[in-house]
Amino acid sequence: MIGAGEKTNGSVWHYALLLGGLAILGRILLLPILPHPIPSIHDEFSYLLAAETFAAGKLSVAPHPYAQFFETFHELSSPRYMSKYPPGQAVVLAMGILLGHPHTGVIVSFCLFVVTAVWILRSVVPVKWAIFGGLWTLLTFNVRLYWLES
């Protein structure tokens, strides 16, 4: 039963989508100051290899004839050329590649994270606290953290 100050589930989704939109808008507004990150460690290059492979519509790539001379960290050259990591992060980056830049996929996944926080919280706390939890998620997990910028 909905209390006196409670909102219906429909209005919760409006707030959740508003918070998700703020997550995307906030990062886009920071692009002139804090541009898209440049990969710098082996893991990031491996994820980009998988993302580019998925964005091209393939699951793996045929190995180079001289693959033994091009071996590198975190990438498998035989029997097929592919990243050794699970595909989840690469699929998000591939979505970003299709939208214009791999980091765009990370920004969209952050939006989904904020909306999901509201969705999860609304099942265990009152609606106003679920919305507050979504706002807290938006303000806590932002560009300060490595995971949103990698």
key: the range 91-150, residues that are of a type in the set (F, W, Y) and more than 27 Å from H36 (Cα to Cα)   = W119, W129, F132
Selection from the range 26-37 of residues that are open to solvent by 80 Å² or more (accessible area, probe 1.4 Å) and either over 20 Å from S150 (Cα atoms) or within 15 Å of the chain's Cα centre (by Cα) (or both) = I28
Cβ-Cβ under 8 Å pairs, at least 6 apart or on other chains, the range 91-110 side in contact (Cβ under 8 Å) with a residue 40 or more places away in the chain, far side in a helix (DSSP H, G or I) and of a type in the set (F, W, Y) = V91/F54; L93/Y47; A94/F54
message = For L19, only one of the following conditions fails: (1) touching a residue at least 40 places away in the same chain (Cβ under 8 Å); (2) open to solvent by 40 Å² or more (accessible area, probe 1.4 Å); (3) touching a helix residue (DSSP H, G or I) at 6+ places or on another chain (Cβ under 8 Å). What is its number?
response = (2)
query = Scanning the range 64-91 for residues that are part of a helix (DSSP H, G or I) and touching a helix residue (DSSP H, G or I) at 6+ places or on another chain (Cβ under 7 Å), which turns out surrounded by the most Cβ atoms within 10 Å (Cβ to Cβ)?
reply = A90
message = Restricting to the range 92-119, give me the number of residues that are open to solvent by 80 Å² or more (accessible area, probe 1.4 Å) and farther than 22 Å from L18 by Cβ.
response = 1
key: Residue tally, condition touching a residue at least 24 places away in the same chain (Cβ under 8 Å) and among the aliphatic types (A, V, I, L, M), over the range 42-73   = 5
key: Residue list for the range 46-72, filter: within 20 Å of G100 (Cβ to Cβ) and of a type in the set (F, W, Y)   = Y47, F54
request  = Output yes when any residue across the range 104-114 is under 15 Å from Y47 (Cβ atoms) and of a type outside the set (G, A, S), and no when none is.
outcome  = yes
message = Residues that are touching a residue at least 40 places away in the same chain (Cβ under 8 Å), of a type outside the set (F, W, Y), crowded, with 20+ Cβ neighbours inside 10 Å and not in a helix (DSSP H, G or I): does the range 120-136 have at least one?
response = yes
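The values are calculated or read from the model by the stated rules, or taken from the named source; none is laboratory data. Quantities reported herein were computed from a predicted structural model and do not represent experimental measurements. No Cβ is skipped: glycine too gets one built from the backbone with ideal geometry, and neighbour counts run over all protein chains shown. Note: areas computed on protein heavy atoms with side chains; ligands, DNA, RNA excluded. Shrake-Rupley method; radii C 1.70, N 1.55, O 1.52, S 1.80 Å.
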